[in-house]
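The values are calculated or read from the model by the stated rules, or taken from the named source; none is laboratory data. Keep in mind that what you see is a predicted model, and the values were worked out from it rather than measured. Cβ coordinates were reconstructed from backbone atoms using ideal geometry, including for glycine residues, and neighbour counts include every protein chain displayed.
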Amino acid sequence: MSHVAELRPIASVPRVPGSVPLLGHALALWRDPLGFLSSLRQHGDLVRVDLGTMPMYVVTTPDLVHEVTVRQAGKFEKGRFFDRLRPLAGNGLANADGELHRKHRRMIQPMFSRERITGYSEIMSANARSMADSWAPGDVIDLEPAMAGYAVETLARTLFSTDIGLPAVDAVRKNLPVLLTNLLIRAASPKMLDRLPIPANRRFDRAAAGLRAVIDEVVATSRAAGPTDHDDLLSLLLAARDEESGSRMSDVQVRDELATILFAGAETTAATLAWAFHELAARPDVEEDLVAEIDRVVGDGPVTALHVPELKGIRRVIDEVVRLHGVTLLMRRTTEPVTLGGVGMPAGTEVAFSLYALHRDPGLYENADRFDPDRWLPERQAEGPGRRAYIPFGAGNRKCIGDLFVWTEATIAIATVLRRWRLVPVPGHTPREVASAVAHADRIPMTVVARR
C-alpha cells in the first residue's frame, strides 16, 4: 500500500459561505474587511474566497504562509493585490517580480543598511523633537495625521537632500488620506468596477496620478542637475548600478521606487505610532516603565540610534502594536503548479494570506486581542507559537526592505515624546480600525499633558 498522500483537486477547497452572484465575497470584504479576514480560519487552513467571479485561495496557518513566502517562494509572483497597486507604485520593489525584483533589491538594499539608518537617525531624532516642541499643554491632537506628518517629514529629509523634493512631500501629505481610504477596497473589488465613475475610483485615480506626476518632475529635475556627493535616497537611487550588469535605473524606475518608499514608509510608521500611544494610554503601568527606561538609557540628551537597541521595553511595545494592527492582506500568484496543504494548484492561481488575522489567532496567542507587550519577553517567547507565527514585515525574499528604518524611527519618536508628554484620550471616542495596507485608525484624538 502506498504511503504517499493523495493530492486533492483544487475544487475540493471549501468555499467560504456568503458568496453572492457576480460580486462573490466582495460585499463582505467591503463591509468589514478585518472581521471577514479574521473569520476565515474557522472555515479551514485553506479556503476559497471569491472576488467577483475570480477565486482566491486564502491560507490561514503559519505553516502554509511559510510555504508561500519562504519554502516555495520561487513558485509565486506578486498577485492581484499588487496588480491593483500599479497605478500608484508602478513596478517599484513592492510590485516587481522575478529578475526585476532581484536586481532592484540588490541595488536598493545597501540604502537601508544599519550604517545608513544610523546616519538617518539624526534626522529622525531632530524631527521627533520638533514635533514634541510644537505641542503645548492642553492641545488636542489627532494622532494619525500628526504621526503621518512626522513620518512624511522624516522621509522627505532622508529621500531628498535639498528643497527639490518638497513638491513630492506636499503631494504625499495631500494624497495619503485618499489613498489609504480606498486601497484595500480597490484591491479586493472586481476589476470591472474600476471603470465605474464612482467618486471613490475618481479620487484614487486622481491622487495616484497626481503623486506620480510630481515625483516624475522631481526625478527629472534631479537627473538634469547631474551627479552629486549627497547621500540622500534620491541621489543614491539615481547613482545606483547593478553589480552584475552595471546598468542604472531609468527615471520611471526611480519614480516607482520613490512612490513605494513614500507611501509604504509614511503609512506604516504613522499607524504604528498612533496605535502605540493609544495602547499605552490604556496601560499607564507599561508607560511608566518605559519612561523609567528612557531616563536610564538616554538621560537628558537627544535619542540616538545608539540608544535604540537598549530601549527594549519600547521594542516590545512596537512588536505588540504591529501584531495587533498590522498588514491586512497580501497576495501571490502561482507561476507553476504548486502543492499547498495537500491541494494541487495550477499555474495562475491567486493565493492570499492576512498577517492581521494570523497575528490575532487565539489558537496561536493567548488573549490574542489584548495589548500585552510582555508577551515578547524572552522567557514568554520561548513558550510562544514560534517565529513562523509572527512575521509583521513579511518573510523570505519579499520581506520588507525598510523594516529596520521603521523600527528605528518609531523607537526614537516614542522615546522623544514620552519623556516630555503624556497623551490622554479624549472622552467619548473609541478609535475604530480602518483597513488599508495596514490597520490604521479612523481618529485618535488625545490631549497633551506635561509629564514633568
Applying the selection to the stretch 234-266, what residues are part of a loop (DSSP other than H, G, I, E, B), among the hydroxyl-bearing types (Ser, Thr, Tyr) and under 19 Å from Ala89 (Cα atoms)?
Ser250
Could you list, ordered by first residue, the pairs with Cβ atoms under 9 Å in which the first is in the stretch 217-235 and farther than 22 Å from Ser113 by Cα and small (Gly, Ala, Ser) and the second is assigned to a helix (DSSP H, G or I) and modelled with pLDDT under 80, at least 6 apart or interchain?
Ser222/Ile164; Ser222/Gly165; Ala225/Ile164
Selected residue (only one of Gly313, Gly386, Gly402, Gly363 is touching a Gly at 6+ places or on another chain (Cβ under 9 Å) and not aromatic (Phe, Trp, Tyr))
Gly402
In the stretch 280-325, which residues are within 30 Å of Ala94 (Cβ to Cβ) and in contact with a His (Cβ under 6 Å, 6 or more places away or on another chain)?
Arg323
Regarding Asp319, is this residue of a type outside the set (Lys, Arg), within 24 Å of the chain's Cα centre (by Cα) and surrounded by fewer than 22 Cβ atoms within 10 Å (Cβ to Cβ)?
yes
Within the stretch 1-98, strands (runs of 3 or more DSSP E) holding 1 or more residues that are farther than 27 Å from Leu179 by Cβ
46-51, 54-59
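Residues in the stretch 70-92: is at least one closer than 19 Å to Phe160 by Cα, in contact (Cβ under 8 Å) with a residue 40 or more places away in the chain and hydrophobic (A, V, I, L, M, F, W, C)?
Taking every residue of the stretch 70-92 in turn, at least one turns out to be closer than 19 Å to Phe160 by Cα, in contact (Cβ under 8 Å) with a residue 40 or more places away in the chain and hydrophobic (A, V, I, L, M, F, W, C).
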Among the residues of the stretch 397-435 satisfying the criterion of being acidic (Asp, Glu) and closer than 16 Å to Ile261 by Cβ, which is farthest from the chain's Cα centre (by Cα)?
Glu409
For the stretch 218-253, how many residues are surrounded by 13 or more Cβ atoms within 10 Å (Cβ to Cβ), in contact with a Leu (Cβ under 9 Å, 6 or more places away or on another chain) and more than 22 Å from Thr154 (Cβ to Cβ)?
5
Taking the criterion of being out of contact with any strand residue (DSSP E or B) (no Cβ under 9 Å at 6 or more places or on another chain), in a loop (DSSP other than H, G, I, E, B) and touching a residue at least 12 places away in the same chain (Cβ under 8 Å), would at least one residue in the stretch 337-359 satisfy it?
no
The stretch 363-380: number of residues that are of a type in the set (Asp, Glu), surrounded by 11 or more Cβ atoms within 10 Å (Cβ to Cβ) and under 19 Å from Gly313 (Cβ atoms)
2
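To keep it simple, each residue is scored yes or no on (1) at positive phi; (2) of a type in the set (S, T, N, Q); (3) buried (at least 22 other Cβ atoms within 10 Å of the Cβ).
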site: Gly98; (1), (2), (3): yes, no, no
site: Glu122; (1), (2), (3): no, no, no
site: Trp135; (1), (2), (3): no, no, no
site: Gly138; (1), (2), (3): yes, no, no
site: Tyr150; (1), (2), (3): no, no, yes
site: Leu155; (1), (2), (3): no, no, yes
Which number in (1) within 25 Å of Leu273 (Cβ to Cβ); (2) within 21 Å of the chain's Cα centre (by Cα) marks the one condition that Val351 misses?
(1)
Give the stretch 394-431 a look and list any residue that's of a type in the set (D, E, K, R) and either at pLDDT 95 or above or closer than 20 Å to Ala151 by Cα (or both), or say none.
Asp403, Glu409, Arg419, Arg420, Arg422
Look through the stretch 267-303, keep the residues that are touching a helix residue (DSSP H, G or I) at 6+ places or on another chain (Cβ under 6 Å) and not in a helix (DSSP H, G or I), and return whichever of them is surrounded by the most Cβ atoms within 10 Å (Cβ to Cβ).
Val303
Kindly indicate whether Thr53 is farther than 30 Å from Leu306 by Cβ, surrounded by fewer than 21 Cβ atoms within 10 Å (Cβ to Cβ) and at pLDDT 85 or above.
yes
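For the structure I just gave you, tell me whether Glu383 is among the acidic types (Asp, Glu) and free of Cβ contacts under 8 Å to residues at least 12 places away in the same chain.
yes
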Before we move on, is Arg86 charged (D, E, K, R) and modelled with pLDDT under 80?
yes
